[in-house]
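> Have a look at this one.
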Amino acid sequence: MKRRSAMAAAAVALLPVGLRAQAQQPIVLKFSHVVAADTPKGKGALRFKELAEKNTGGKVRVEVYPNSQLYKDGEELQMLQLGSVQMLAPSVSKFGPLGAREFELFDLPYLFDNYDELHKVTQGPIGQSLLKKLESKGILGLAFWDNGFKEMSSNKPLRTPADFRGQKLRIQSSKVLDSQMRALGATPQVMAFSEVYQALQTGVVDGTENPPSNLYTQKMHEVQKYLTLSDHGVIEYAVVVNKKFWDGLPPDIRAGLDSAMKEATKYADDIARQENEDALAKVRASGKTQIITLTADEKKAWKKALLKVHRDHEAQIGKDVIREIYKETGFDPDKL
Ligand code: LMR
């Protein structure tokens, strides 16, 4: 009897996803990500799971794997394309190696002053056209999720561009971020997120950049003496699925997942700012990291040093797209 049910389960597993649903076996959707569960993205993923399972009456089971448990940066996108995992929410700064370097527009320093400006891009036609570019790679972009503004951390106080000289700083796999660190006089080093804590602890790199939620939940503040509230860039996510998997879902199930995604997106965006404020308060309270607030003049010096990065990446990102974003967000390079 036992053997017969095992054989039946094996036979069902071989069916296309649509038929599997009819055979009453839940469709398993693996959602992998690299940050802690207790972050804007981690919480958004869990909310999606709850809503997706409810909306589909249990016909879909969402398994969330946080903290690079399943795959690290780089690996996870390949595994999505191969169908070993069905959903991810990478920071858009990680799409470059896939051949979608246009996403690196989000890495242009000081392009966005606040979440409203960021939403003009993520929730407008530029965001939609970026997501479309992933389709030729077998990936469907469902939504953008916010994390927040990045701060610079190190074991040395970073107040002026001159302070960056000789610093080795971890970055994500983005050419724009590479230029950003070089424009400040630092040496960038690309590294998977899951390896950063140890690299900071052992001195392989001196520092890095993160929104406070990532810094705190990875305990990086325990191995970084200073955190400069520079707000020089953003971490933005794109929730992406394996296109073949998604297209193969029965329409009623896909509709249930679409609406779960809509609601989870709103939730993730609603909590992002507060999560980062709370994390910063915890870093401060820990007393382990000294927090540096820049004066208006100091911030101006950072902006001036970094403007070059915008110009240097016009060809990669598209001059027209950059101009369009300047118009949307009110960014004026002549006023720096
Ligand atoms: C990083 O690698 O620094 C971030 O992209 C991690 C994340 O997913 O927030």
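> Find which of LEU142, GLY166, HIS33 sits farthest along the positive direction of the dipole of the chain, computed with +1 on the beta-carbon of Lys and Arg, -1 on that of Asp and Glu, about the Cα centre.
It is HIS33, whose Cα lies furthest towards the positive end.
> Still on this structure, please answer the following. Going by amide H atoms built from the backbone, whose H comes under 5 Å of the H on GLN189, apart from near neighbours?
So GLN189 has HN proximity to LEU169, ARG170, ILE171.
> How high is the FRET efficiency between LYS262 and ARG323 when r is their beta carbon distance and R₀ equals 30 Å, given to the nearest 0.05?
Efficiency at R0 = 30 Å is approximately 0.45.
> While we're here: Listed highest first by mean packing, meaning other Cβ atoms within 10 Å per residue, what order do 256-265, 126-135 come in?
Going by the mean number of other Cβ atoms within 10 Å, highest first, we get 256-265, 126-135.
> A further question on this structure: Ordering GLU298, GLU222, GLU209 by accessible area with a probe of 1.4 Å, largest first, what comes out?
Sorted descending by solvent-accessible area, the residues read GLU222, GLU298, GLU209.
> Taking the Cα centre of the stretch 2-335 as the origin and placing charges on Cβ (Lys, Arg +1; Asp, Glu -1), which of SER286, LEU80, TYR267 is farthest toward the positive end of the dipole?
In the stretch 2-335, that residue is LEU80.
> Moving on. For the chain, give the share of DSSP beta bridges that are antiparallel, in percent and rounded to the nearest 5; count only bridges with both residues there.
That works out to approximately 50 percent antiparallel.
> Here is a further query. Roughly what would the spin-label model give for THR187 and VAL204, points 7 Å off Cα along C-beta, in nm?
So the label points at THR187 and VAL204 sit 1.5 nm apart.
> Working from Cα positions, state the angle (0 to 90°, nearest 10) between the long axis of helix 2-13 and the longest principal axis of the chain.
The two axes meet at around 60 degrees.
> Could you provide, to the nearest whole Å², the per residue accessible area of the stretch 2-335 with probe 1.4 Å?
44
> Okay, moving on. Evaluate E = 1/(1 + (r/R0)^6) for GLU195 and ARG165, where r is the Cβ-Cβ distance and R0 equals 30 Å; express this FRET efficiency to the nearest 0.05.
About 0.75, to the nearest 0.05.
> Run the Debye formula on the Cα coordinates of the stretch 150-290, all scatterers equal and no solvent, and tell me log10 I(q)/I(0) at q = 0.10, 0.12, 0.17, 0.21 1/Å.
Calculated log10 I(q)/I(0) at the listed q: -0.43, -0.58, -0.93, -1.24.
> Enter the angle in degrees (range 0 to 90, nearest 10) between the Cα long axis of helix 319-329 and the first principal axis of the Cα atoms of the chain, meaning the one along which they spread out most.
Long axis of 319-329 versus the principal axis of the chain: about 80 degrees.
> Here's another thing I want to ask about it. Going through the cross-link list LYS41/LYS225; LYS72/LYS304; LYS41/LYS132; LYS49/LYS282; LYS59/LYS132, which pairs have a Cα-Cα distance over 32 Å in this structure?
LYS72/LYS304
> Taking the Cα centre as origin and putting +1 on Lys and Arg beta-carbons and -1 on Asp and Glu beta-carbons, what dipole magnitude results for the chain, to the nearest 20 debye?
920
> Using amide H atoms built 1.01 Å from N in the peptide plane, name the residues 5+ places from GLY233, or on other chains, whose amide H lies under 5 Å from its own.
Correct list: TYR110, LYS150.
> State whether the stretch 252-336 is rounded, prolate or oblate according to the following rule on the C-alpha gyration tensor (a ≥ b ≥ c being the square roots of its eigenvalues): a/c under 1.5 gives rounded; otherwise a/b larger than b/c gives prolate, and the remaining case gives oblate.
Verdict is oblate for the stretch 252-336.
> Turning to a different aspect of this structure: Just reorder ASP146, ASP270 by solvent-accessible area, largest first, 1.4 Å probe, all chains present.
From most accessible down to least: ASP270, ASP146.
> I want to verify the translational diffusion coefficient of the chain in µm²/s; compute it with Stokes-Einstein, Rh as the Kirkwood radius over Cα pairs, at 4 °C and 1.567 mPa s.
The diffusion coefficient I find is 62 µm²/s.
> Please list 3J(HN,Hα) in residue order for the stretch 271-282, calculated via the Karplus relation 6.51 cos²θ - 1.76 cosθ + 1.60 where θ = phi - 60°; whole Hz, with x for glycine and proline.
So the J values, rounded to whole Hz, are 8, 4, 4, 5, 4, 6, 5, 5, 5, 4, 4, 5.
> Let me ask something else about it. Using a 1.4 Å probe over the heavy atoms of the protein chains, calculate the carbon and sulfur portion of the accessible area of the chain as a whole percent.
Carbon and sulfur: 50 percent of the exposed surface of the chain.
> Taking R0 as 35 Å, what's the FRET efficiency between ASP297 and ASP116 from their Cβ-Cβ distance, rounded to 0.05?
0.85
The values are calculated or read from the model by the stated rules, or taken from the named source; none is laboratory data. Small disclaimer: the values here were computed from a predicted structure and weren't measured. All Cβ positions, even for glycine, are placed from backbone atoms using ideal geometry, and neighbour counts span all protein chains on display. Ligands, DNA and RNA are stripped out before the accessible areas are found, and what is left, the full protein with its side chains, is counted by its heavy atoms. Shrake-Rupley method; radii C 1.70, N 1.55, O 1.52, S 1.80 Å.
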